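> After the C-alpha cells below, expect a handful of questions from me.
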Ligand SMILES: *Cc1c(COP(=O)(O)O)cnc(C)c1O
C-alpha cells in the first residue's frame, strides 16, 4: 500500500493522515498496538542488516516499535522536522536531548523562567556533571549573547513560560546561537507545534511534553524530540541508555490523540482568547497574562512568532487566598488540577503548588502572587465556561 507522503498538507490533514496509514496486514484503519517487546527476524542476513541500520526493521521495543514509529512520523511532519523520537515523558525527551549534546566542562544558557523540573535538571548538571548554567532574563534574549564564550554549547529556550506566559524571542535566540556555533533546543510544550514552528524559526531541536497538547486528553504521559536525522539518531541512543522508551500502548494513545489536535488547538486558542478578554474586564480580576491580549507587554512578539496564542492563561483574583478558594469552591466545570493542553479546562494556584518552593523574591520577580491562577483552557462551549467563571467569581 502506498505510504502517504506529506505533499505540503495543512496541519489538520497531517494530524489525520501522516503516520496513520491502514495497517499492511489487514487494512485496519486504526493502526494496531504492537504490544510486543521483540521481533522474529527472518534470517541472519536480515539480522545483520537491521543491526547495522542498513535496513529499516525492529529488533527490540526499547530501541524501536511500529506503534512508536507511527507517532514519530506524525510528530515529525507536524513540527516540520526530518525525524522525531518519542519518550516515556516530556522530561525524558528534555534530559536525553540535553545530555546527548553537553559534556563535562561545557556551558549552557537558559532563560530564568523555566519549567520547574527542567530548572532542577540544570542544577543537577551543574552540581554533578560540571556543566555551568548561565541564566538570562526571559524577555531579553539579546543578553544571552554577552554570556557566550568558547565553552558555550547550548542555548536552551522555553516560550511561553510557566506560569505567567512571558515570551522568549525564538528567531533572535537562534540567530545569536548560530553566529557563535551554539546549538539551540526549544521546549515547545506551551504553544504546541500548531501555534509555534520552532524549527522554521531557526531552532535545532524541538522538545515537547506530549503529555499535554499532543496527546490532548490527560490520558498518557509521553514526550517527543524533533530534529534532523543525525541529531535524532544521537538522541535515540541516549534514550536507550536511560531506558526512556515509550510503551506501545501509550504511543498508541498519543497517536490517537494527535489525530484531532488541529481541531482541539483551534478551539483552545479561541476559548482562551475570549476568556482572557472576558476576565480582563471583570471587576474581581486584577490582571490577566495572555500573549493574545494587546495588554501583554510582548504582544508584538507573540504576533510575530506564534500562529495562535495557545490555551494557557494566568490571572490574578482580587483579594487573598480566601477569595481564590471561594472561586475554586464554586467552579463546576473547571477542575482544580495540574497539567495542561487537555480537552477539559483545568486550573491551579502556582504560588502554593508548582511554584511553592520559590523564595518570596523569586515569586515577586516572576509575578507569581498568592492569588495568581493558571488556567489551561479546554474545548468546551465558551458560553458554558464563561457562566462557570461568572458564577464562581460572584462569590469572591
Ligand atoms: C509538563 C511539562 C514538561 C514535563 O513533561 P512531563 O511529560 O510531565 O515529563 C516540560 N516542559 C513543560 C513546559 C511542561 O509543561
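> Run down 224, 168 and say which single residue is touching a residue at least 12 places away in the same chain (Cβ under 8 Å) and out of contact with any helix residue (DSSP H, G or I) (no Cβ under 6 Å at 6 or more places or on another chain).
Numbers: 224 fails: out of contact with any helix residue (DSSP H, G or I) (no Cβ under 6 Å at 6 or more places or on another chain).
Result of the check over 224, 168: 168.
> Just one of (1) under 23 Å from residue 171 (Cα atoms); (2) more than 15 Å from the ligand (Cβ to nearest atom); (3) part of a loop (DSSP other than H, G, I, E, B) trips up residue 230, so point out which.
So residue 230 meets the others, but not (3).
> Modelled with pLDDT of 95 or more, within 21 Å of the chain's Cα centre (by Cα) and within 12 Å of the ligand (Cβ to nearest atom): is that true of residue 164 in this structure? Steps first, answer last, please.
Numbers: modelled with pLDDT of 95 or more: yes; within 21 Å of the chain's Cα centre (by Cα): yes; within 12 Å of the ligand (Cβ to nearest atom): no.
No; evaluated as a whole, the condition is false for this residue.
> Moving on. Looking at the structure I just gave you, is residue 4 in contact with a helix residue (DSSP H, G or I) (Cβ under 9 Å, 6 or more places away or on another chain) and part of a loop (DSSP other than H, G, I, E, B)?
yes
> What tally of residues in the range 69-117 results from selecting those that are within 15 Å of the ligand (Cβ to nearest atom), in contact with a strand residue (DSSP E or B) (Cβ under 6 Å, 6 or more places away or on another chain) and assigned to a helix (DSSP H, G or I)?
The number of residues fulfilling the criteria is 7.
> Taking the range 180-209 only, how many residues are outside any strand (DSSP E or B), farther than 19 Å from residue 377 by Cβ and within 16 Å of the ligand (Cβ to nearest atom)?
Taking the range 180-209 and keeping what is outside any strand (DSSP E or B), we get 180-182, 188-204.
Now drop any that are not farther than 19 Å from residue 377 by Cβ, which leaves 180-182, 197-204.
Filter again for within 16 Å of the ligand (Cβ to nearest atom), leaving 198, 203.
Residues in the range 180-209 being outside any strand (DSSP E or B), farther than 19 Å from residue 377 by Cβ and within 16 Å of the ligand (Cβ to nearest atom): 2 in total.
> Considering only the range 93-116, state which residues are at pLDDT below 95, under 26 Å from residue 246 (Cβ atoms) and surrounded by fewer than 19 Cβ atoms within 10 Å (Cβ to Cβ).
Listed by number, the list holds a single entry, 116.
> Collect the residues in the range 235-269 that are surrounded by fewer than 17 Cβ atoms within 10 Å (Cβ to Cβ) and assigned to a helix (DSSP H, G or I), keeping them in residue-number order.
The answer is 237, 240, 241, 242, 249, 263, 266.
The values are calculated or read from the model by the stated rules, or taken from the named source; none is laboratory data. Note that this is a predicted model, so its numbers are computed, not measured. Glycine gets a Cβ as well: all are built from the backbone with ideal geometry, and neighbour counts include every protein chain shown.
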